Amino acid sequence: MLAFGPVPRFQLVVEYAGTRYSGWQIQKNARTVQGELAAAVTGATGQRGFELYGSGRTDAGVHALWQVVHLDVDTPLSPERLRHALNDALPPDINVLQLQRATRRFHARHAAVARSYLYQISRRRSAFAKPYVWWVKDELDVPRMRKAASLFVGMNDFRSFAAADPEEGSTRVLIETLELGEEGELILVRIVGSHFLWKMVRRVVGVLVEVGRGKLQMNDVAALLEQASDVPARLTAPPSGLFLERVFYEGEDRKRPLRAAIPLGGGQL
């Protein structure tokens, strides 16, 4: 029998375009995704004293295809009516995909066992997809990038790839997979791991792009994982191409096709 508490807990799946926001987490004097969602909860339920907790933070300009959130709020609304009420109150670049009751044991962040991020690199200039890609003008050697990506898989120390964050402890991270694919004129990078440090994914992508340009060698990449270096910080990829692709919980299959989040579109002459 499910153990629900006195105040209902809901599990939400939220997608958002992060271009207009200063990241996920509520900040003073800044517009954030969590702030918009909290305002929508108050508008839909009339409540102000509630818990709204995301599976993790995304930085300014970073998007999410599958951000998981838990919400503790006292409301007579059914899950589906609450979902519709939230979406009616939210701006068009934030959308609640799913909303269901959850037990008090479920915690959006602590119960997560893995997360995947997707990064989109464009080989061409785009009139429509600029907020969702990093356009790299130089020709990139994808096989070389794929070879370098294999060096990151496993348990490694990512201290050279992390920005200072007082909430972070160890800089060791387990990377399950780091794969590259191509879809039209997009190069797709997917990284799946136990957790991620602040700016880590964007710095990994920046290093891979530099490998693709021919400006970093395999031994250079290996050295970045062995000793502290400021090279990854100088190569940080822009936030526009990054998506929180999925958050995984116990028993969920982490194998899925590698596909673009926002295709470039257009045709060829």
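Computed from the coordinates by the stated procedures, all read-outs in this text should not be read as laboratory data. Since the model is a prediction, treat every value here as computed from it, not as a measurement. Every residue, glycine among them, receives a Cβ derived from its backbone with ideal geometry; neighbour counts consider all protein chains shown.
Note on Glu176 and Arg20: the extension gain reaches 53.0 nm, defined as 0.36 nm multiplied by sequence separation minus the Cα-Cα distance. Annotation: for a label point projected 7 angstrom from Cα along Cα→Cβ of Asp138, residues of the range 159-199 with backbone N closer than 17 Å are 187.
Assuming 0.36 nm per residue, please report the length gained on full extension of the stretch Glu252 to Arg234 beyond their Cα-Cα distance. Please list the in-between numbers first.
Values: separation 18, 0.36 × 18 = 6.48 nm, distance 3.60 nm.
Working it through step by step, the gained length comes to 2.9 nm.
A DSSP coil position with no more than 16 other Cβ atoms inside 10 Å describes the following chymotrypsin sites (Phe, Trp or Tyr not before Pro) in the range 72-119: Phe106. Loop-located chymotrypsin sites (Phe, Trp or Tyr not before Pro) across the range 120-171 with a Cβ neighbour count of 15 or fewer within 10 Å are Phe128, with loop assigned by DSSP. The range 133-212 and the range 1-51 have Cα centres spaced 29 Å apart.
Which Cα, out of Leu97, Ser160, Ala149, lies furthest along the positive dipole direction of the range 50-188 (beta carbon charges, K/R +1, D/E -1)? Of the listed residues, the answer is Ala149.
How much length is gained on full extension from Arg48 to Gln227, taking 0.36 nm per residue of separation minus their Cα-Cα distance?
59.7 nm
Within the shell defined by Cβ-Cβ distances under 14 Å, the residues around Glu15 carry a net charge of -1, with Lys and Arg each +1 and Asp and Glu each -1. Taken over the chain, lysine pairs spaced eight or more positions apart, or on distinct chains, with alpha carbons under 27 Å apart number 11. Listed by Cβ neighbour count within 10 Å, with the fewest neighbours leading, His110, His84 appear as His110, His84. Normalised by the number of residues in the chain, the mean separation of alpha-carbon contacts (under 8 Å, six or more apart) gives a relative contact order of 23 percent. Each Cα pair under 8 Å and six or more residues apart adds its separation to the average, and for the range 9-102 the resulting relative contact order is 45 percent. A simple spin-label model places pseudo-atoms 7 Å from Cα toward Cβ; at Arg213 and Arg124 they are separated by 2.3 nm.
Remark: spin-label model distance Asn95-Trp198 equals 3.2 nm, labels positioned 7 Å along the Cα→Cβ axis. Built from the Cα atoms of the range 37-117, the convex hull projects on average onto 5.8 nm², one quarter of its surface area. Distances between placed amide hydrogens fall under 5 Å for Leu140 paired with no residue 5 or more residues away or on another chain. The residue list Val113, Gln217, Pro131 was ranked by how far each Cα lies along the charge dipole of the chain toward its positive end, using unit charges on Cβ atoms, and Pro131 comes out on top.
Qualifying trypsin sites (Lys or Arg not before Pro) in the range 134-212, where qualification requires a DSSP coil assignment and no more than 11 other C-beta atoms within 10 Å, comprise Lys137.
I need the semi-axes of the equivalent ellipsoid of the chain: take the C-alpha gyration tensor, multiply each eigenvalue by 5, square-root it, list largest first in whole angstrom. Don't skip to the answer; put the middle values down first.
On the way: eigenvalues 238, 89, 53 Å².
They are 34, 21, 16 Å, listed from largest to smallest.
Applied to the range 20-31, the Karplus parametrisation 6.51 cos²θ - 1.76 cosθ + 1.60 on θ = phi - 60° returns per-residue 3J(HN,Hα) values of 8, 10, 8, x, 6, 6, 4, 9, 6, 6, 8, 8 Hz, with x for Gly and Pro.
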